[in-house]
C-alpha cells in the first residue's frame with residue numbers, strides 16, 4: 001500500500017488487545033496513541049498497551065488525542081474498544097474533522113436517536129450521510145455478531161434497492177448456548193443448572209442476570225433495525241422478555257440469584273415441553289419487522305425446518321428476509337470472543353485504509 | 001454523491017437486464033454503453049438494452065467501448081454479464097488503464113492461472129495486487145453463490161491474518177434442490193423423477209447433464225480456493241464426481257438421457273439408504289482444504305448435526321472454517337436467480353463508486 005493509516009486505540013482490554021495484535025501484523029497501520037479511561041500515550045512511533053503503565057502516559061484528553069492522530073500526513077482512525085458512552089459523544093466531531101471511527105462499542109448505535117443521527121450525518125457515505133470528501137468514515141460491524149458480515153450485508157441490500165422484510169436471530173452467544181444446551185436432544189439438566197455451567201465456563205457476565213434480562217440483545221436489535229432503515233427506532237421501542245424471574249430481579253448478589261433460580265426450573269421445563277410437543281425447540285430471539293417497525297426480544301419456538309433450530313454451541317445466527325431473499329439470507333457463526341470481534345474491527349479498519357490509500 | 005460512475009454493460013441477458021434495472025434506480029450511475037456478443041451502443045446519455053435493436057447499434061469493438069466509457073470525467077466500470085470467455089481477455093488491459101471491472105462471469109476466475117494472475121496483478125488493491133492509484137478495481141462476488149457475501153468475507157479473513165482451514169458447501173442451486181428433495185423426509189420419488197421435476201421447473205440447464213457433471217461447481221471451488229489463498233489452483237486440480245452415469249454421457253439428447261436415467265434409480269437409492277442408516281442425508285458438496293490444496297466435488301453424507309443437513313429449497317450454503325472460526329462461519333441463501341445475482345453485481349459496483357466518489 002502506498003500510504004499509512006494512523007490509529008488511536010481506546011480501551012486496551014481483551015478485544016482492544018486482540019485488535020492491537022492483529023494490527024501489528026499489518027504494515028499499512030501505525031498505532032500512534034493508546035488510551036484507557038483515565039490515561040493516554042501519544043507517540044510518533046508504534047505504541048503498545050503496555051506504554052500506559054509507563055511514565056509516557058498522561059491524563060486522557062480526547063481533544064489532544066484527536067489532534068495527535070490527525071497530525072500525520074495520511075488517513076487517521078480512532079478505534080473505540082471501550083464499553084463506555086464517553087467516546088461516543090466525540091464521534092461526530094471526529095468524523096467532521098476527517099478522522100474515521102471504527103468500533104465494536106454499541107453505545108452510539110443503540111443509544112440516543114438524535115446523537116446517532118448527528119454521528120451518521122457527520123460520517124462520509126456509504127455508511128454515513130455526509131457527502132463531504134473530508135469527512136471521516138464510520139464502521140461498526142462488530143457491534144452485532146462480532147465479525148459476522150451482518151451490517152455490511154444489510155447495508156448492501158438497502159443500498160441496492162432491496163426491500164427488507166424482517167431481520168431476526170439469536171444475537172447473544174450466552175443465550176445461544178443456554179437454550180441450545182437446554183433444548184439439546186437428551187438433555188436432562190434443568191435451566192438453572194445450564195446457567196450455572198455457562199457461568200463456570202465464563203460464557204456469562206459476572207452476574208448472569210445481565211445476559212438474561214435481554215437488554216444486550218435489545219441493543220443489537222436496535223442496531224440491526226437502524227441499519228435496515230428504521231433510523232429513529234430506540235431501545236424503548238423494543239418489547240423485551242426479561243427471563244430473570246420477577247422475584248429474583250432485586251436479589252442482591254449473583255450467587256444468591258443462582259441459588260434461587262432452580263425454583264423456576266419447572267416453569268422453564270413447561271415451556272420447553274410445550275415447544276417439544278410441536279416438534280420445536282426454544283431459542284432466545286431478537287426480531288424486527290420493517291413494515292410495522294415492531295421489534296421484539298423473546299423466547300420463541302423454532303420448528304424443525306427453521307434455521308434457528310439448527311443452532312449449536314454459542315453461535316449467533318441472523319436470518320434476513322427480503323423481497324429478493326424470501327427464504328432468508330442466513331449468516332451464522334461465533335458472535336462473541338476477542339479474536340472474532342477484533343477480526344470485524346480490523347476488517348473495518350482495512351476498509352478505511354483502502355478508501356484512503358489512493359487519495360492524494 | 002458528488003460524482004458519477006460511468007458504466008458499460010456487456011451481455012444484457014436475464015442477469016444483465018436485472019443489473020440495468022437495479023442501476024437505473026441509483027443516481028450515482030450512468031450507463032453509457034451496452035453490448036451483446038456482436039453489437040454495441042455507445043451513448044452520452046443513459047442507454048438501455050433495447051437500443052441494441054435500433055440503428056444506434058454498431059459492430060462490437062472492445063477497444064472503442066473502453067475508450068468511450070473512460071472518456072468521461074469520473075470513474076468508469078465495465079460490467080461483464082456475459083457467459084463468454086472473450087471479455088476476460090480484456091480485463092487486465094481495462095484495469096491497467098483505470099477502468100474497473102465488475103462481473104458475475106466465472107471464466108476469468110476459474111480459468112487459466114496465468115491470465116488470472118495478470119488480471120489480479122493489474123487490479124488495484126484490495127481485491128487485486130496493483131498498488132497503482134490509477135488502476136481499476138476488480139470485484140466478482142456474484143461468481144459464487146450470487147449475491148451471498150462469500151468472497152468478501154473470505155478476503156477479509158485472509159487480509160486480517162486469519163488462517164483459513166477449509167471452505168466447503170453446496171454451491172449449485174440445481175444440485176441443492178435435487179438432493180434436498182431427494183433426501184427430504186418422506187420422499188418416495190426416485191432420483192430421475194426429481195431431475196425431471198427440476199427441469200420442468202426451469203431449475204436445470206436445458207440438458208441437466210450440464211449440472212450433474214459437476215463442472216459448474218468445480219469452477220466455483222476454484223474461485224473460492226483462489227480467494228482463500230491458493231492462487232494457482234486450477235480446474236484440473238479439482239477431483240470431480242460426475243453423477244451422470246458413465247453410459248449416459250454420450251447419449252445424444254437431453255430427452256434421451258432423461259428417458260434412460262430411471263434405470264439408475266436403484267444405484268442412487270442405495271447410496272441414500274446407506275447414508276440414512278447413519279442418520280445422514282446426501283448433499284453435492286464442493287470443498288477445498290487449504291493446508292493440502294485438496295479440492296473435491298462429490299456426493300457427500302451430511303449427518304444430523306451438520307449445517308449442510310439443514311438445507312432446503314435451492315439454497316446455497318458455504319461453511320468457512322478458520323483458526324478464529326473453528327466451528328465455521330456459515331452463509332446460506334438463494335445462490336442463483338437474476339435478482340440476487342444482480343444484487344451482488346450492483347453491490348460491487350457501489351463499492352467501485354464509493355472508492356472513487358471522493359477522489360479529485
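Bear in mind these aren't lab numbers, they're just calculated from the coordinates by the rules spelled out. All values derive from a computational prediction rather than experimental measurement. Glycine also receives a Cβ, built like all others from the backbone with ideal geometry; neighbour counts cover every protein chain displayed.
Here are the numbers for this structure:
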{"item": "For residues of B:319-332, the mean tally of beta carbons on other chains within 10 Å", "result": "6"}
{"item": "Label spacing, shortest first and in nm, from residue A:86 to its equivalents in the remaining copies (7 angstrom along Cα→Cβ)", "result": "6.5"}
{"item": "Scaled radius of gyration (Cα, divided by 2.2 N^0.38 Å) that segment B:151-334 gives", "result": "1.05"}
{"item": "Using a 7 Å Cα-to-Cβ projection, residue B:73 label spacings across copies, nm, ascending", "result": "2.8"}
{"item": "Largest-first principal axis extents, alpha carbons of segment A:14-73, Å", "result": "29, 29, 18"}
{"item": "Peptide A:157-166 - average C-beta neighbours from other chains (10 Å radius)", "result": "4"}
{"item": "Distance histogram for segment B:115-217 (every C-alpha pair counted, 10 angstrom bins, percent rounded to whole numbers)", "result": "13, 30, 26, 19, 10, 2"}
{"item": "Percentage, to the nearest whole number, of Cα pairs in segment B:35-146 over 16 Å apart", "result": "59"}
{"item": "In degrees, nearest ten, helix B:113-122 long axis to first principal axis of chain B (Cα)", "result": "40"}
{"item": "Highest average packing first - B:326-337, B:239-250, B:170-181, A:106-117, Cβ atoms within 10 Å", "result": "B:170-181, B:326-337, A:106-117, B:239-250"}
{"item": "Centroid-to-centroid separation of segment A:230-256 and segment B:333-349 [C-alpha atoms, Å]", "result": "39"}
{"item": "Angle in degrees between helix B:191-200 and the longest Cα principal axis of chain B, rounded to the nearest 10", "result": "30"}
{"item": "Copies compared at residue A:161 - label distances in nm, ascending, label defined 7 Å from Cα in the Cβ direction", "result": "4.2"}
{"item": "Relative contact order of chain A, defined on C-alpha pairs under 8 angstrom at six or more residues apart (%)", "result": "20"}
{"item": "Span per principal axis, largest first, for the Cα atoms of chain B (Å)", "result": "65, 49, 34"}
{"item": "Bins of 10 Å, starting at 0 and running to the largest distance - Cα pair percent for the protein assembly as shown", "result": "3, 14, 23, 26, 20, 10, 4, 1, 0"}
{"item": "Estimated translational D of segment A:314-358 in µm²/s (Stokes, Kirkwood radius over Cα pairs; 37 °C; 0.692 mPa s)", "result": "259"}
{"item": "Proportion of all alpha-carbon pairs of segment B:115-168 beyond 15 Å (%)", "result": "56"}
{"item": "Calculated [θ] (222 nm, deg cm²/dmol) that DSSP helices of n ≥ 4 give over chain B, each run adding -39,500 (n - 2.57)", "result": "-10500 deg cm²/dmol"}
{"item": "Chain A: angle of helix A:173-182 to the longest principal axis, Cα-based, in degrees nearest 10", "result": "20"}
